[in-house]
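The values are calculated or read from the model by the stated rules, or taken from the named source; none is laboratory data. Model, not experiment: these values are computed from the prediction. Virtual Cβ from ideal backbone geometry, glycine too; neighbours counted across all protein chains shown.
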Amino acid sequence: MNPEVLRIEAVSFGYSKEALLFEHFSLSLKMGEVKALVGPSGVGKSTLFELILGRLKPQSGSIEASSFSQVFQDPYSSFHPTYTIREQISDVTSMKGYELLLLQMGLEEDYLDALPHKLSGGQLQRCSILRALLMKPKLLLLDEPTSALDNLNQLDIMKLIVEHLDGMGVLLITHDQYLAQWCADEIITLA
């Protein structure tokens, strides 16, 4: 039986006590699973990630998360503008196995020695996913990770992430119902 990498127990949270985004919300994610959070903008998908990351505190309930890495929708906010991609990846991981991942993601080695603003949004997002995978997390949090990519790259990158599921669980925020249906073991609709 695969171990749990995320447990959310009866979490309630709102930016005001009168308007809760979550009321007694629970979720469990095991290694090897992909769960997708879908729903319109403003229902709390990204807020849930902020709670998991510990940047926000629930008003009640508990959240237990294994070691994690995350990929955000905006790749330019994920990298410091004055350091190379390689410096920022090697700060958080050993870079072991990066050559194979570069090849699988269609990235050139030269991209790693560039400053973030020198890369396109799609290239930078793939670098963000590269960094997240190299960190070898037990829990991978993905917030619209393929929105900066074209359709062909979206599918290839999600296939690559799914191939790494033996060592982690994935919680995915997406507006793309087809992507959620393709890769998720369970789709959780927030309304």
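One residue stands out in region 1-19 among those that are of a type in the set (A, V, I, L, M, F, W, C) and surrounded by fewer than 15 Cβ atoms within 10 Å (Cβ to Cβ): the one that is modelled with the lowest pLDDT, namely MET1.
Can you find, within region 120-153, the residue that is farthest from SER28 (Cα to Cα) among those that are of a type in the set (S, T, N, Q) and touching a helix residue (DSSP H, G or I) at 6+ places or on another chain (Cβ under 7 Å)? Once the filter is applied, the top-ranked residue is GLN123.
Look at region 171-191: where a residue is farther than 10 Å from LEU37 by Cα and a partner is modelled with pLDDT of 95 or more and not in a strand (DSSP E or B), sitting 6+ places away or on another chain with Cβ atoms under 8 Å, you get ASP185/GLU33.
Okay, residues lined up against (1) within 12 Å of the chain's Cα centre (by Cα); (2) among the acidic types (Asp, Glu); (3) under 21 Å from ASP166 (Cβ atoms):
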| position | (1), (2), (3) |
| --- | --- |
| PHE25 | no, no, no |
| MET31 | no, no, yes |
| LEU37 | yes, no, no |
| PRO40 | no, no, no |
| GLY44 | no, no, no |
| SER62 | no, no, no |
| SER67 | no, no, yes |
| PHE72 | yes, no, no |
| SER77 | no, no, no |
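Applying the condition of being in a helix (DSSP H, G or I) and among the basic types (Lys, Arg) to region 84-136 and asking which residue is surrounded by the most Cβ atoms within 10 Å (Cβ to Cβ) yields ARG126. The combined condition, being surrounded by 20 or more Cβ atoms within 10 Å (Cβ to Cβ) and of a type in the set (Val, Ile, Thr), is not fulfilled by ILE188. Remark: ILE157 falls outside the filter, which requires a residue to be outside any helix (DSSP H, G or I) and in contact (Cβ under 8 Å) with a residue 40 or more places away in the chain. Given the criteria touching a Leu at 6+ places or on another chain (Cβ under 7 Å), surrounded by fewer than 20 Cβ atoms within 10 Å (Cβ to Cβ) and at pLDDT below 95, does GLY167 qualify? No.
Taking the criterion of being at pLDDT 95 or above and surrounded by fewer than 14 Cβ atoms within 10 Å (Cβ to Cβ), the residues of region 61-80 that qualify are SER62, GLU64, SER67, HIS80.
Conditions (1) of a type in the set (Ser, Thr, Tyr); (2) under 16 Å from LEU134 (Cα atoms), marked per residue:
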residue	(1), (2)
SER67	yes, yes
GLN70	no, yes
SER77	yes, no
GLN88	no, yes
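Within region 20-32, is even one residue touching a residue at least 60 places away in the same chain (Cβ under 8 Å), surrounded by 17 or more Cβ atoms within 10 Å (Cβ to Cβ) and in contact with a helix residue (DSSP H, G or I) (Cβ under 8 Å, 6 or more places away or on another chain)? Scanning region 20-32, I find at least one residue that is touching a residue at least 60 places away in the same chain (Cβ under 8 Å), surrounded by 17 or more Cβ atoms within 10 Å (Cβ to Cβ) and in contact with a helix residue (DSSP H, G or I) (Cβ under 8 Å, 6 or more places away or on another chain), so the answer is yes.
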